[in-house]
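This report concerns only the one structure given below.
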Ligand SMILES: [Mn+2]
């Protein structure tokens, strides 16, 4: 580690101590990063600010749950924020830090380092198994090859990562319980033996049942894009999109969920070729929205902290959250599912639409990228 990096990490450590609250993202990586931060500050899970569905720390106005003062914002991306802060993250940064902000980002570096592992660079005394829970959550078992995760017990950490990842996908799931288990137990085996783990097991089971239901939605399949539209209060759309993208490759697959947030269609896109944000902006010129690059897709090493977005290959898969569409407007210019299509065979390959269904922007995209 260079002297410059050491200095930067000690600034980050100071900013972590000076923050009025820790604001972790609620997936396994965010919660594990949050647990490292809370332990360092000698706080329990109750002290963390866990934002509700559809909220981000960057909202304008800021979510009511955020106290005034400097924050430690973990695994939420790096975007403009009108207050002092520590921001730790590994996604494509969308803003540079202000004078009163410290950003620690691994975006563009190899190997890819999720937020929990970055937190262990800031707090070297933190246990490797916490970094491991986050790394497995974002990268799968290969995450445990990171130096920050050395020695973490593979089986227990993987199982724990799957369980702490579940609550956020439910409406009002036991997210804080998941965080508490990570903060309070030194060993993954002890966390797994805690009676509260049953809450997470229930959450995982409920989610799985809802996934099994929604993944059987009949897709509308076009030449270069496919749409699955359904309604569920669970966050199932990313995995539904992922599952169908494998079957319908090389098409872009959109899983659109009408039931996730009131008045909104949330959708996830997987597969396809070219720049997805460009395709979506072309298809929806009048609609604002957010794009969050899915973890696990960055490839190109880049030097420096957060000075400029990395060049090089674009990630192909995105979670597209919070797209606001009017009730009369389909999420993209592919046909909505009709009753007759819903009654068709569930196999995506037995029947295709007879007319071209995707907007030209989808098929005009360069391949490869
Ligand atoms: Mn992450």
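Every number here is computed from the coordinates shown, using simple stated rules; none is lab data. Not measured: the values here are computed from a predicted model. Cβ: placed from backbone, ideal geometry, glycine included. Neighbour counts: every protein chain shown.
One table, with the values for the structure above:
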quantity: Sites residue 20 and residue 223, calculated FRET efficiency, Cβ-Cβ separation with R0 45 Å, nearest 0.05; calculated: 0.30
quantity: Neighbour-count order for 253, 102, 164, 123, fewest beta carbons within 10 angstrom listed first; calculated: 123, 102, 253, 164
quantity: Fraction in percent of alpha-carbon pairs per bin - 10 Å, the range 3-205; calculated: 10, 40, 37, 13, 1
quantity: Overall dimensions of the range 53-95 as given by Cα atoms, namely Rg and Dmax in Å; calculated: 10.0, 26
quantity: Reciprocal of mean inverse Cα separation for the range 86-227 (Kirkwood radius, Å); calculated: 16.9 Å
quantity: Prolate/oblate/rounded call for the range 11-125, Cα gyration tensor, a/c under 1.5 rounded; calculated: rounded
